[in-house]
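Take a look at the structure below.
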Amino acid sequence: MQNPFGNGNNDDNNDNNNNQQNMIPIPPNFATVVNKETGQIRIAKVGFSFTALIFGWLVPIFRSDWYNFLCIFGIELIVGMGIALQVNEPLDITFPIASNSLNIIWMFIYNMMYFKHLFKIGYVPADERSKELLIEAKYWKENK
């Protein structure tokens, strides 16, 4: 398959190593992790999450990341309630304000939260390129 991203991961010839064989081409800023026990594979972006900026707490739902969904939604709810107490407005007015404001923070840290949680539940980098990318972004420690 020809890789449209130009990062040298073409598996058209048989000279490539087995990790590159039968892998779908992914953009250079995406990492692949695999759970060694279940064989489940996850592919996600490393770095900023513009989807978290736009969709907020819906992104963990899209990824079936229930742990981070509860963390993000809980923090947004608590901040919304705090704002409601400070300005004497109902929660249905202050929650969207808190949610949209915190989306800026989630944009910077959500992908890191997602990968760190995957590592805690048994996922490891699937290939050397993903491992190097995760080490460079400080998501993965090399001594693991």
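Structural remarks
- Within the stretch 53-80, residues that are farther than 23 Å from Tyr123 by Cβ have Cβ atoms under 9 Å from residues that are of a type in the set (D, E, K, R) in these pairs: Gly56/Glu76, counting only partners at least 6 apart in sequence or on another chain.
- Residues satisfying the criterion are absent from the stretch 25-38 (criterion: of a type in the set (S, T, N, Q), under 27 Å from Leu102 (Cα atoms), out of contact with any helix residue (DSSP H, G or I) (no Cβ under 8 Å at 6 or more places or on another chain) and modelled with pLDDT of 90 or more).
- When the stretch 126-144 is filtered for residues that are in contact (Cβ under 8 Å) with a residue 40 or more places away in the chain and not in a helix (DSSP H, G or I), the ones remaining, listed by number, are Ala126, Asp127, Ala137, Tyr139.
- Subset tally (residues that are over 21 Å from Gly47 (Cα atoms) and of a type in the set (A, V, I, L, M)) for the stretch 66-120: 14
- Looking across the stretch 63-107, the residues that are in contact with a Ser or Thr (Cβ under 8 Å, 6 or more places away or on another chain) and closer than 22 Å to Ala137 by Cβ come down to Trp106, Met107.
- Qualifying residue in the stretch 1-14 (condition: modelled with pLDDT under 90 and among the charged types (D, E, K, R)): yes
- Test for Arg129: is it surrounded by fewer than 18 Cβ atoms within 10 Å (Cβ to Cβ) and of a type in the set (Lys, Arg): no
- Taking the stretch 30-50 as the range and being assigned to a loop (DSSP other than H, G, I, E, B), surrounded by 17 or more Cβ atoms within 10 Å (Cβ to Cβ) and not β-branched (Val, Ile, Thr) as the test, only Ser49 passes.
- For the stretch 82-125, a tally of residues being within 17 Å of Gly56 (Cβ to Cβ), without any contact (Cβ under 8 Å) to a residue 40 or more places away in the chain, surrounded by 13 or more Cβ atoms within 10 Å (Cβ to Cβ) and not small (Gly, Ala, Ser) returns 9.
- Residue match in the stretch 107-123 (condition: in contact with a strand residue (DSSP E or B) (Cβ under 9 Å, 6 or more places away or on another chain), part of a loop (DSSP other than H, G, I, E, B) and modelled with pLDDT of 90 or more): yes
- Within the stretch 95-142, the residues that satisfy the criterion of being among the small types (Gly, Ala, Ser) and farther than 18 Å from Lys36 by Cα are Ala98, Ser99, Ser101, Ala137.
The values are calculated or read from the model by the stated rules, or taken from the named source; none is laboratory data. Fair warning: this is a prediction, and the values are worked out from it, not measured in the lab. A quick note on method: Cβ atoms are made from the backbone with ideal geometry, for glycine too, and the neighbour counts reach across all protein chains shown.
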